[in-house]
Amino acid sequence: MGNTITEKIIALKSEQKKVNPGEFHQIKVDRVMIHDLFGPFVIQQFRKMGFKKVWDPTRVVFIFDHLVPANTIEAARHFQEIFNFADKMNISNVFEAEGICHQIMPEKGFVYPGDVIMGTDSHTCTYGAFGSFSTGIGYTEMAAILGTGEIWVKVPETILFKLSGKLPSGVDAKDIILKIIGDIGTDGATYKTMEFCGDGIAGLTMSERMTICNMAVEAGAKNGIIPVDKTTSSYYYQYSLSTDKYLTISSDDDDAVCHSTYEYDLSKLEPMVSCPHTVGNVKPVSKVSGYKIHQAFLGSCTNGRLEDLRIAASIIRGRRINPQVRFIVTPASRKIYREAIREGLVQILIDSGAIVTHPGCGLCAGNGGIIGDGERMISSNNRNYIGRMGSKDSEVFLGSPATVAASALTGYIVDPREFIR
Amino acid sequence: MGYTITEKLFSRVSGRPNVISGDIITFTPDWSMANDATAHISIDLYRSEYGKECVKLPERSVLIIDHNVPADSPSTAWVHKKMRNFAIEQGMLLYDAKGICHQIMIENHVAAGQIIVGCDSHSCTYGAIGAFGGGIGCTDIVYLWKTGELWWYVPESICIELIGGVKEPVTARDVILAIIGQLGPDAAIGRVMEFTGVGVHNMSIPERIVLCNMAVEGGAVCGIVEPDEKVISFLPGRPHQFFKSDADARYYSSYSINLNGLDPMIACPHSMENIVPVSRVEGLSINQAFIGSCNNGRIEDLRAAAKVLKGNKVKKAVRLVISPASINIYRQALQEGLIDIFLEAGAQVLNPSCSTCWGGCTGLVGDGERLISTGTRNFKGRSGSHKSEIYLASAITTAVSAIEGVITCPVKE
Amino acid sequence: MPSKRIINISGRIWKFGDNIDTDIIMPVKYLSLSSIGEMSQYAFEPLIPDFHTKIQPGDILVGGENWGCGSSREQAAAVLKILQIGAVIAKSFARIFYRNAFTNGLCLIGQPGLVDSVKDGDKICIDLINSTIQIDNQSTTYNFSPLSSMMYDLLNAGGLIPYMQKVNSPNR
Amino acid sequence: MDKNNKAHTGKAWKVGRHFDTDQILPSQYMLFPTIEEMAKHALEGIRPDFIPNVRRGDLLVGDENFGCGSSREQAPRVLKYIGIETVIAKSFASIFFRNAINIGLPVIVLPDAVDRIREGDRIEISFEKGVITNKTQGETYTFPPFPEFLMGIIKVGGLLQYAKSRS
């Protein structure tokens, strides 16, 4: 009997021949990511536990993204405490205002297929796009890993999503994952793995795969994962990253046992939006088109990549956003920001009336761009909870970069397909 | 008896000949401006006093959202919404997240010969164009919206003659710091700083803007420079009326300042009383550097900073925060490749806004931190924590210090 | 590590709906405060302002599906512990919250059947040995799946910190 | 000053030179929805003892350049809300001065009084007579009357009331 990719990685890292869903295992961690918001808490717990040394400083990455630029006096204390700790522990991987953690981790070469990566952020599941087993944990557990290099896991059951066909123009990866979450619900995959496979996935870029795995947690999943293929390896060449550590876990065994299987024909998909106030409240955009919006946001670890900015710019080029709408664009990393400048995308966005802010979590972490009572926003990020990005009496709709850009132009939620050139 | 430019400007707007300092006049300003630091109070006041009644001169009333951009909290979002609604309802001009109010006013409205009032102390900036700019409060602007008029004590003027000039890396920023350092932060209380002499006439308009913008830090109501041809080429096509002070105009006092050989200057915490040459405080470690504000966030300042930063990296654990003063400046910097230079050097490039200089929203400094800034003020807690220190210097000094990680004088012995 | 094993948890009920997310339990704007104690004053702020003044130690929270969904912020579990919440019973839990709760020594019980038949203020008793729940004035006994030994160990240790302290203790 | 121009007695709070608007009310609080909420943070950085102890009728005694800095009318407004009777200083920043007059918070320029008054002195002020009485030290200081136009604004309680009184 075969195993799923996730089971194989857990077996490998727990030094077992085979593991089965439901079993508890202690596994070795390849890399940890800690962001600025929780850094001081991890450090405090680490000390309380009585540890003196980090198990392996080269495997620890600190990223400042939630609190940059500092919008509170407290933020500066977080930066200082992390710098001091990193210095003392000989941790050299500290990235300040370089971009969002989940973008920086793969970009800087900290994510490899077959790796176990733990992060103090729920969207750590993003790295499944690279065939790694990655998930979010709390700061106390992170402290324990810093001390021991290990963590306990319960082997998750796998839900298989077989995607076939090619996405129609104007429909993208965000629409796929929104559609899936709408179907299975925000707890449809709780404690399970969402494994995405099929020729539909093979046709997607790494950026698109990251969007899909990023939102696995929004269906409650422990992790999302995609088999490694040529697209995966070409990413490492493109970013000139070493492939020494590249571990190919053979893809899903045909006889692996899955909890359940879903099939999607991508060619039949239409643009989707997630309506207030839960990510699971997903509808085709046509059902809410015409809703007036006050703000549009393009950014976050879900959809702040170069491809997303390209989509938005191609829709907006030569047009002006609705004067009643604030359009905030936050590239996911400094690298992306610079590439977007070189490609002229930033110029197009600025000329249309958009505000481009420094790379970071930005609005998605409640930082700059908060909307007021009775206001409505269309956003490319991953959560639309009450009060996450505005007053309790505001509304957030989640959509693809194309839907966000097209809606910013019209001033109301709109199907982007009519704006594709 | 002669008159100062200021007296002549007030004479024009009040419609009374021979207005002199000390007169209290009522007049209609050419423009009024309010921003999101205080406009919510004004709008609430207006609504509670006058309900839905129309503003007298909406076409001359400007609202600008620049201090907290993008909104950082539900209460800020609420302030912005209030301003947008009021602007639409009253037919006022609204600039939403387009840049810092004084830069926006100069780019779009201010003309030589005008009197402009703004609910912001740095409205004194407009003197660089040969206009009078004065800061007012919320009640003032509510009264102005309602009646179209304002009361004003016509101020006396101080004549500050600038002799000689400065050369890079010494800038107009160092000049105004030196002037305030020499005169003291209260030398010009309630008066106008009128800059005269070759030193100022050789300056470009952006340099004069730097000078006049900080007049308020010397206590002045306004900083003013006699307008010349440079004003016309700086604001092509904008109507203007030139006023000049008479040779026998009366000044409260006069100073003469020689700019030749001036050192780069820096204002140390926590007041403008502590202005010294940068070399005096060299080597102090910094946590953050800020380039921006209505004083030093223009393209000339960004170019100067980029020249220093190109090919260099900001020191580890130092944050360099850069915020162009307006979206037009941002665009210009983008086209000139400056934004990319900043990003490559490791700076955080913020969208145009008051940011660190105003300390209410973004780019803040924490307890025990030291900031070097091109902002306008070094008051305790101005850019964040009350337990932080702010040093004010030029864009060049700030950029050099960001690379070194310590306060560094750009001129080496 | 406390020597006594936890056998029973009893307390008064607070009822909540489905999808109680971490932004409700602990809004992001308070996450950079310097202590969990300070943060706990803002627990549930979007839903129940001043929650911390309204609860009593030992109170039990009862929710619907997907309790604790959203971010990995451990503060959401830690504030409940510091507010001395006895346990949380829900139809289902989001997984990061689940881990974080036991990491902090906070007991979570998944019991879909009970949730709809209790109301605010009911008194209940959870028996961790027999995996049953008894509600005052109701004859029905509700069963739940026993806690895994990993969770039960963490609970009895008082969380992962005391657990690790023991590992690092020189007397070991 | 109350409507009857009756004299009050209050305690003097002394602050230093160049007492700026950021000290009176830091930027972070300026966008709070009401003056009442802002007022809780008045002087908090520099005089944390102020808010817990200040009483209606107390007065601030500044030095040179009181209220320098920004044009924020929130600064005099929080002082007035708290019940500060007046501010006495050697000189005032011009925008603070006009803001104070406009909201009906009379401010007095009197360098001699500033040098004599000590922290905590009991002070009584008669605006009508232009006399400051220092009850603790048993001294009086006189100040020149406000110009007629400004007195007109102060008397009716501020600029907006003045606008009403004229219409």
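The values are calculated or read from the model by the stated rules, or taken from the named source; none is laboratory data. As the structure is a computational prediction, the values presented were derived from the model and not from experiment. Note that we place each Cβ from the backbone using ideal geometry, even for glycine, and neighbour counts take in every protein chain shown. Accessible surface areas use protein heavy atoms only, side chains included; no ligands, DNA or RNA. Shrake-Rupley method; radii C 1.70, N 1.55, O 1.52, S 1.80 Å.
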Of these, A:P323, A:P359, A:P331, which one is open to solvent by 30 Å² or more (accessible area, probe 1.4 Å) and either modelled with pLDDT under 95 or touching a Gly at 6+ places or on another chain (Cβ under 9 Å) (or both)? A:P323
Among the helices (runs of 4 or more DSSP H) confined wholly to the stretch B:201-296, which include 1 or more residues that are under 17 Å from the mean Cα position of the chain (by Cα) and at pLDDT 95 or above? B:205-213, B:293-296
Return a yes/no flag: does the stretch B:139-161 have any residue that is over 29 Å from D:F149 (Cβ atoms) and of a type outside the set (V, I, T). yes
Of the residues A:G387, A:G369, which is within 10 Å of another protein chain (Cβ to nearest Cβ), crowded, with 24+ Cβ neighbours inside 10 Å, touching a helix residue (DSSP H, G or I) at 6+ places or on another chain (Cβ under 7 Å) and in a loop (DSSP other than H, G, I, E, B)? A:G369
Just to be sure before I move on: is C:G113 loosely packed, with under 14 Cβ neighbours inside 10 Å, touching a strand residue (DSSP E or B) at 6+ places or on another chain (Cβ under 7 Å) and of a type outside the set (A, V, I, L, M, F, W, C) in the structure I sent? yes
Any idea which residue in the stretch A:110-157 is nearest to C:S148 (Cα to Cα), counting only those that are open to solvent by 10 Å² or more (accessible area, probe 1.4 Å) and either of a type in the set (G, A, S) or part of a loop (DSSP other than H, G, I, E, B) (or both)? A:E157
Just the residues that are more than 7 Å from every other protein chain (Cβ to nearest Cβ), part of a loop (DSSP other than H, G, I, E, B) and surrounded by 20 or more Cβ atoms within 10 Å (Cβ to Cβ), please, taken from the stretch A:85-98. A:I91, A:E98
Being within 7 Å of chain B (Cβ to nearest Cβ), in a helix (DSSP H, G or I) and of a type in the set (A, V, I, L, M, F, W, C) is the filter here, so list the residues in the stretch D:69-117 that pass it. D:I95
Name the residue that is nearest to B:G283 (Cα to Cα), counting only residues in the stretch B:321-344 that are out of contact with any strand residue (DSSP E or B) (no Cβ under 6 Å at 6 or more places or on another chain), more than 8 Å from chain A (Cβ to nearest Cβ) and free of Cβ contacts under 8 Å to residues at least 40 places away in the same chain. B:I341
Restricted to the stretch D:12-63 and to residues being within 23 Å of D:F97 (Cβ to Cβ), among the charged types (D, E, K, R) and in contact with a strand residue (DSSP E or B) (Cβ under 7 Å, 6 or more places away or on another chain), the residue nearest to the other protein chains (Cβ to nearest Cβ) is D:D20
Pick from C:Q165, C:Q134: which is out of contact with any Asp or Glu (no Cβ under 6 Å at 6 or more places or on another chain) and within 8 Å of another protein chain (Cβ to nearest Cβ)? C:Q165
It is to be established whether one or more residues within the stretch C:120-128 are crowded, with 21+ Cβ neighbours inside 10 Å and not in a loop (DSSP other than H, G, I, E, B). yes
Residue among C:L31, C:L80 that is open to solvent by less than 20 Å² (accessible area, probe 1.4 Å) and closer than 21 Å to C:I124 by Cα: C:L80
When the stretch D:86-109 is checked residue by residue, the ones that are open to solvent by 20 Å² or more (accessible area, probe 1.4 Å) and touching a residue at least 24 places away in the same chain (Cβ under 8 Å) are D:K90, D:S91, D:F97, D:V109
Look at the stretch B:14-32 and say how many of its residues are within 14 Å of another protein chain (Cβ to nearest Cβ) and among the charged types (D, E, K, R). 1
Is it the case that the stretch A:65-84 has a residue that's open to solvent by 10 Å² or more (accessible area, probe 1.4 Å), of a type in the set (D, E), outside any helix (DSSP H, G or I) and out of contact with any Cys (no Cβ under 8 Å at 6 or more places or on another chain)? no
Of everything in the stretch B:23-46, what is assigned to a loop (DSSP other than H, G, I, E, B) and more than 23 Å from B:G130 (Cβ to Cβ)? Give them in sequence order. B:D36, B:A37, B:T38
Of (1) assigned to a helix (DSSP H, G or I); (2) more than 12 Å from chain D (Cβ to nearest Cβ); (3) more than 17 Å from B:V221 (Cβ to Cβ), B:T6 satisfies all except one. Which? (3)
Yes or no: A:I350 at pLDDT 95 or above, surrounded by fewer than 24 Cβ atoms within 10 Å (Cβ to Cβ), at the interface with chain B (Cβ under 7 Å from one of its Cβ atoms) and within 18 Å of A:V404 (Cα to Cα)? yes
Mind listing just one residue for me: the one in the stretch B:361-384 that is open to solvent by 10 Å² or more (accessible area, probe 1.4 Å) and either within 10 Å of chain A (Cβ to nearest Cβ) or among the small types (G, A, S) (or both) and, of those, nearest to B:A267 (Cα to Cα)? B:G368
Tell me the residue from D:D115, D:D121 that is crowded, with 18+ Cβ neighbours inside 10 Å, more than 13 Å from the chain's Cα centre (by Cα) and at pLDDT 95 or above, please. D:D121
How about the stretch B:64-86: which of its residues are under 24 Å from the mean Cα position of the chain (by Cα), within 14 Å of chain A (Cβ to nearest Cβ) and open to solvent by less than 20 Å² (accessible area, probe 1.4 Å)? B:I65, B:D66, B:H67, B:N68, B:V69, B:P70, B:A71, B:T76, B:V79, B:H80, B:M83
Looking at C:G159 and the list (1) surrounded by 18 or more Cβ atoms within 10 Å (Cβ to Cβ); (2) farther than 19 Å from C:N104 by Cα; (3) within 14 Å of chain A (Cβ to nearest Cβ); (4) of a type outside the set (V, I, T), which single condition is not satisfied? (2)
For C:N19, are the conditions met, namely being under 14 Å from the mean Cα position of the chain (by Cα) and surrounded by 20 or more Cβ atoms within 10 Å (Cβ to Cβ)? no
Within the stretch B:112-151, count every residue that is within 18 Å of B:G15 (Cβ to Cβ) and open to solvent by 10 Å² or more (accessible area, probe 1.4 Å). 4
Looking at (1) at pLDDT 95 or above; (2) open to solvent by less than 10 Å² (accessible area, probe 1.4 Å), which is the only condition D:D20 fails? (1)
For the stretch B:165-177, how many residues are modelled with pLDDT of 95 or more, open to solvent by 10 Å² or more (accessible area, probe 1.4 Å) and out of contact with any Leu (no Cβ under 6 Å at 6 or more places or on another chain)? 2
